[in-house]
1. I'd like the residue in the stretch 63-88 that is open to solvent by 40 Å² or more (accessible area, probe 1.4 Å) and at pLDDT below 90 and, out of all such residues, is farthest from the chain's Cα centre (by Cα).
2. Can you pull out the residues in the stretch 51-62 that are in a helix (DSSP H, G or I) and either at pLDDT 90 or above or open to solvent by less than 50 Å² (accessible area, probe 1.4 Å) (or both)?
Amino acid sequence: MIGVMWYDGWGWGGWFLMLVITVLFWAVAIAAVIALVRYLTAAHRGPQAGPPPASGDLGWGSRRAEDLLAERFARGEIDEEEYKRRLALLREHR
């Protein structure tokens, strides 16, 4: 009678396996919801991450090029003379 009531097949191993499968199921379900939310919110943002340029302001591409040049100068990849020369060239051709 007791064997029928407690399912005398797997014992504690069955309960442990059921616990592991349940935890894995909920982990996958939560990860899927998070991925879906991130995907849907990224689709609404569009391809540009920065603000649109104001009227009379530099275009987004020009500002990004100057920012990249300033970063290279700050990291020491180019010297001051090279920075000034390239900055003047960028501003001349906008």
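1. Once the filter is applied, the top-ranked residue is ARG63.
2. SER62
The values are calculated or read from the model by the stated rules, or taken from the named source; none is laboratory data. Bear in mind the structure is a predicted one, so any value in this text is a computation, not a measurement. What goes into the accessible areas is simple: the full protein's heavy atoms, side chains included, and nothing from ligands, DNA or RNA. Shrake-Rupley method; radii C 1.70, N 1.55, O 1.52, S 1.80 Å.
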